[in-house]
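Heads up: the structure comes next, in structure tokens.
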Amino acid sequence: MKNKICPLCGRQFSNHSCKNKDHLIPRAVALWSKELLTKKEYSALRQYINSKYNIYWVHEHCNYHKQSVLLTLSQVRKLSYPKEALPRINKMFISLNSQLNKYRSKIKQIKKNQKHRCYSCRRKINNHFVIRRINSKKNRTWDNACLVCDRCNSRYKDFAFVKKIKNHTLSSA
Ligand SMILES: [Zn+2]
Ligand SMILES: [Zn+2]
């Protein structure tokens with residue numbers, strides 16, 4: 001899609017705008033969904049994620065703010081995605097409904113486990129977080145998933161150390 005308006009803020013790009021290509025349905029959804037889905041569901045998801053109806057230019061700062069948040073279809077409709085792409089976006093969200101819901105319910109579960117706080121610094125995350133591996137040397141499985149805030153996301157490569165601190169606290173208590 002060669003969109004001229006940033007879908008996230010609704011403003012036109014200027015010559016000086018710093019732009020990024022953003023995946024409407026974040027790539028993280030595909031990266032983390034493999035173990036939740038059948039082969040057929042997973043391949044449909046991957047296909048849509050890499051299609052042109054899922055990739056748009058956005059301002060760099062708007063992209064930073066969106067992070068890997070998976071929007072709902074009704075949230076998408078309120079944003080400024082190109083009108084001509086809306087029927088295809090609609091179709092994409094409806095076809096992937098079961099895949100996206102499985103991902104959403106996993107995220108919800110982890111959020112609850114973390115008491116809606118960043119896995120690392122424990123600040124409240126609300127709807128602004130990034131999904132990361134706890135131990136970056138281990139696979140992307142949900143046992144190894146955590147949600148962290150922007151600050152921790154850009155600061156650390158690995159969150160395995162957090163667990164160590166927690167275990168230490170528990171064993172010394
Ligand atoms: Zn923008
Ligand atoms: Zn944090």
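The values are calculated or read from the model by the stated rules, or taken from the named source; none is laboratory data. These numbers were taken from a predicted model, which means no experiment stands behind them. For neighbour counting, all protein chains shown are included, and Cβ atoms are generated from backbone atoms with ideal geometry for every residue, glycine included. Accessible surface areas use protein heavy atoms only, side chains included; no ligands, DNA or RNA. Shrake-Rupley method; radii C 1.70, N 1.55, O 1.52, S 1.80 Å.
Please state which one of Ser105, Ser68, Ser74 is modelled with pLDDT under 95, within 23 Å of Leu45 (Cβ to Cβ) and among the small types (Gly, Ala, Ser).
Only one candidate passes the filter, namely Ser68.
Only one of these conditions is not met by Val162: (1) modelled with pLDDT of 95 or more; (2) outside the structural domain of Leu70 (by TED's automatic domain parsing). Which number is it?
Single failed check for Val162: (1).
Residues of the range 39-70 being among the polar types (S, T, N, Q) and within 16 Å of ligand 2 (Cβ to nearest atom), which ones?
Within the range 39-70, Gln67, Ser68 meet the criteria.
If you scan the range 43-84, which residues turn out to be assigned to a helix (DSSP H, G or I), more than 16 Å from ligand 1 (Cβ to nearest atom) and either free of Cβ contacts under 8 Å to residues at least 24 places away in the same chain or under 14 Å from Ile5 (Cβ atoms) (or both)?
Correct list: Ser43, Arg46, Gln47, Leu73, Ser74, Arg77, Lys83, Glu84.
Mind listing whichever residues of the range 85-109 are closer than 17 Å to Cys6 by Cα and surrounded by fewer than 14 Cβ atoms within 10 Å (Cβ to Cβ)? Steps first, answer last, please.
Step one: list which residues in the range 85-109 are closer than 17 Å to Cys6 by Cα, which gives 85-86, 89.
The answer is Leu86, and nothing else.
Which pairs have Cβ atoms under 7 Å, sit 6 or more apart or on different chains, and link a residue in the range 113-124 that is outside any loop (DSSP other than H, G, I, E, B) to one that is near ligand 2 (Cβ under 7 Å from one of its atoms)?
Within 7 Å, the pairs are Arg117/Arg123.
Yes or no: Ile49 touching a strand residue (DSSP E or B) at 6+ places or on another chain (Cβ under 7 Å), open to solvent by less than 70 Å² (accessible area, probe 1.4 Å) and more than 19 Å from Asn153 (Cβ to Cβ)? Spell out how you get there, then give the answer.
On the way: touching a strand residue (DSSP E or B) at 6+ places or on another chain (Cβ under 7 Å): yes; open to solvent by less than 70 Å² (accessible area, probe 1.4 Å): yes; more than 19 Å from Asn153 (Cβ to Cβ): yes.
In short, yes.
For the range 68-84, name all the residues that are open to solvent by less than 40 Å² (accessible area, probe 1.4 Å) and closer than 30 Å to Arg132 by Cβ.
If the condition is that a residue be open to solvent by less than 40 Å² (accessible area, probe 1.4 Å) and closer than 30 Å to Arg132 by Cβ, then Ser68, Val69, Leu70, Leu71, Leu73, Val76, Tyr81 are the ones that fit.
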